[in-house]
Each structure stands twice: as C-alpha cells, then as structure tokens.
Amino acid sequence: MAKRKILIVDDERPTREAMARVLSDKYECMQAADAEQAMKTLESTPDLALMISDVRMPGEDGVSLVKRAKNARPSLACILLTAYGTVDLAVEAMKDGADDFLTKPITDLDQLELRVANAIKTAGLEQEVASLKEKLTGELENFTGKSPAMERVYQTIRKVAPTNATVLIEGPSGSGKELAARAIHNLSRRAKGPFVALECSAFEGELLKSELFGYVAGTFTGALKEGKAGCFEAADGGTLFLDEIGEIDMATQIALLRTLESRKVRRLGDAIERPVDFRLVAATNRDLAKMVKEGTFREDLYYRLNVIDLKTPALKDHKEDIALLVSRFLKEFSAQNGGAVTGIDQRALKALEDYSWPGNVRQLRNAVEKMVVLSSGGKLTVDDVPMEILCAPAGEPPPQTVQSQAATPPKGAGSPATPPAQSLADAERDKILAVLASVGGNKTKAAEILGISRRTIHRKMVEWGVS
C-alpha cells in the first residue's frame, strides 16, 4: 500500500529534515521552507493527507497558512508547531481549523508519530461523515414530503441503514416501498455490493424457489444445462429485496426461513450448501400479522423478517404532501416534453388533493404525466385533470368545490356583483357533455376519449337528467 503523503513546513531546514527522518518509515514526507512554497505543494499534491507547520516563519505565519490550506482543502489534517511561549496562539488556531499542535523542541518521537496518525485518522473520519451526510441527503431527496408520516420514514431509514438488521417494509402498493429499500441499501456499508430485487408474486411454487435458491443442471424440464445461481447468491455482499413477500407459499416460507437462520443456500437438486453474505429487506402490502393468526404465514418467519418495521404511508394519509409531489412531477415531465407546462392552478390542484388516490404516489405520478402530455401548454387547469379523477368511482367522496358558490341572496336583495365560481361538479358536467356532443352522443367513444367507463357516463347523465 502506498504511503500517505505529509508536508512539513518550517523555515529551519534542520528541523524539517529531522522530522522527515522520524516519519519517513510510515509516510512520504515533503518539505517547504515557507507558506508560499507550502501552498504550491498543496495545489500540486491532491492526495496530501497532512500538513505540519511551524507558527513562527518569515513572511506569512503558520496560523494564516493553516487557514488558507483549510479553505483550499477542508479535509486536510493540519498540525501546528509552536514554542512554549506561543501555546495560547496555537490553541486559538485550533478554533480556526488546526487539528492539533505540538510544542518545540520535539523530544518524544513516539508522541510525534501518534499525534500525526491520530490527526490523519480524525480528518479521514470527518470526511467520511461529511460524505455520508451528503449521500443521505441525496438519497432522501428521492422522496418528496414534509408531513409527519414521511418524517417517520426518513428517521427510520437513517437509523437502520448503517446496520445489518433485516427490515420489513409494510405499505400499500405505489407508496414507495422499493424506493425505501434502495435508500437503505445505498446508505449502508453494502452500498458497493449488488442490490437484487425479486417480485415474489410473479412466481409460484418451484419456479419461485428456483429464482430464490437457484438450481443445478437437469433439476427439472427446461433447466439450463449449466444450472443457475439464485437471488441469494446474486446478492452476496449486498442486499436482497423481496417484494410482496406475503404471496409466497408455505413450502417456500420454510425454505426461506432455513436460509435466513443458517445464512447458507442450497440450490434445487443440489446436496451442497453455499454460505452467502446478504442483508434482507422484504416488503408487503398485506397484513402479515393477520395472516399469521389465520395460519397462512409462518409465525417464526414473520418474526425473523420483522426485526425492523418500516411503514410507508398511503397517500391519503399524508395529503399535505400532494402539492410538493405535483410540483416535482410537473418539473420532471415538463422537462421531458419541451418545458411547455409552467405550473398548475389552484382549482386543478384542489381536484388532485380531494381525490382518494387508491394507487398512491405511483398513481399520482402517472396522472401528472398524463396531464402534462395532453395539455396545450401554460398552466394546467381543471380541464386537464383526468376524468377518472374528477368522476371518482361510486363509493369515493366526490371532489369538493374549490370555491363555494355564493349563497342565495335574501328575497329582495340585489344580485351579487360577480357570478359564483364554477364548481368542479359543474366543470365535470360541462366536459363530459362537450365530449359527448363532439362524438354525436356515442357513449363508448366518449368514454374512450375521457378515460372513464361507459357505465360512469350513463350514471352521470341519469344524475343530471340528461337523455
């Protein structure tokens, strides 16, 4: 391994060379006689780990040099050399960026080596922490929301990511379970390893087992001649994400439990067990605790999975984040489609906020994309809101009126100065009838254009008394 580089700055050549001789066994020592020469060396040596500088030097002193060096490279470790009479100055300098100081003359060489090693190690740890904070910020920026429900998600991810604990993510479809799983992986010590995701509901029985555990040649009809490694082996050194784990059958649950307990995997048709190093993150939109009571999910597997429980909320439970989500999706899809859409008006936004979003954030994202693609530019209005949202299916609360119509004036009172604002219900009625008129009253064609069912159009027309 290459030696770490350090720079010794002192106007007294014998002092520089003596320190270099002591430290050269462990470090590559560079020397400078003054601050300007030190800064040139710093600029030309990007992998410099440490600078040791005397305080008293002709021209620029060591305290000022440390400030300049730290401004140029905050991660650089700096130690000041000071005579006994300037210890107070060195202490003050530490407040301005110096990592340590040593008094001259240096008689304890072991102490010198120890202080140099500690300064480099501390600077490295600080750089690692700063890098992790930056990485954490970047990962959590993939989420959008400032609601208490989302803050709980962020807090849990921050706490569990650095550990190796198994995580069970529970939440409805479209609520960001895989996004949370990827954030946990990317913020963990396994970030450089693979992230392997498997949708458990896409496979059944032996096929699911072959995907999880792999198989040897000739195990079943259609098996590859050379056999195949499963997801556990593919995730060795990284994270395995099993989505919709509540869908796996009882036999696969037993095999999964055995692998989690032994940390070994046996391919189908094989007698050999292979050790695997993985972290498991599982997700489900089902109530596993209820399934345990019903006898459809093993209790021992449930507790093995549910070491850390992370819940991603349904969008209806943090509707205060809808405006932020819409803003983010608008920027994304507007950029993809020429940037013609500049925003969304309050009535259209209110229509989105009033909807129940059974498909959660995924459904909202798709709806905003549809609005942007089909709009004619400028601000999105209520006319751009998909009809399946404005015409919510039976059983869902209808969209609320954004601005209440003016109350009926008392008898004898004059008419209001301005006409009442059109309600969303009126806008919905006008749009459906306009589309019907454009296709000659053909409900099937109108339903295709509006993206709703023919039955919904018929039900609405009955409500409005329109034949």
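The values are calculated or read from the model by the stated rules, or taken from the named source; none is laboratory data. Nothing here was measured: the structure is a model prediction, and the numbers come from that model. Neighbour counts run over all protein chains shown; Cβ positions are idealised from the backbone, glycine included.
At-a-glance table
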quantity: Wholly within region 152-271, helices (runs of 4 or more DSSP H) carrying at least 3 residues that are of a type in the set (Val, Ile, Thr) and touching a residue at least 40 places away in the same chain (Cβ under 8 Å); calculated: 250-262
quantity: Residue among ALA93, ALA119, ALA69 that alone is at pLDDT below 80, part of a helix (DSSP H, G or I) and surrounded by 15 or more Cβ atoms within 10 Å (Cβ to Cβ); calculated: ALA93
quantity: Hits in region 256-307 - residues which are surrounded by fewer than 17 Cβ atoms within 10 Å (Cβ to Cβ), touching a Phe, Trp or Tyr at 6+ places or on another chain (Cβ under 8 Å) and under 16 Å from LEU208 (Cβ atoms); calculated: GLY269
quantity: Residues of region 411-452 satisfying the condition of being over 29 Å from GLN346 (Cβ atoms), in a loop (DSSP other than H, G, I, E, B) and either at pLDDT 70 or above or of a type in the set (Val, Ile, Thr) (or both); calculated: VAL439, GLY440, GLY441, ASN442
quantity: Qualifying residue in region 221-235 (condition: among the acidic types (Asp, Glu) and touching a Gly at 6+ places or on another chain (Cβ under 8 Å)); calculated: yes
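Residues are listed down the side, and each one gets a yes or a no for (1) among the acidic types (Asp, Glu); (2) at pLDDT below 90:
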position	(1), (2)
GLU299	yes, no
ARG304	no, no
ASP309	yes, no
LEU325	no, no
THR342	no, yes
LEU352	no, no
ASN360	no, no
ARG365	no, no
VAL368	no, no
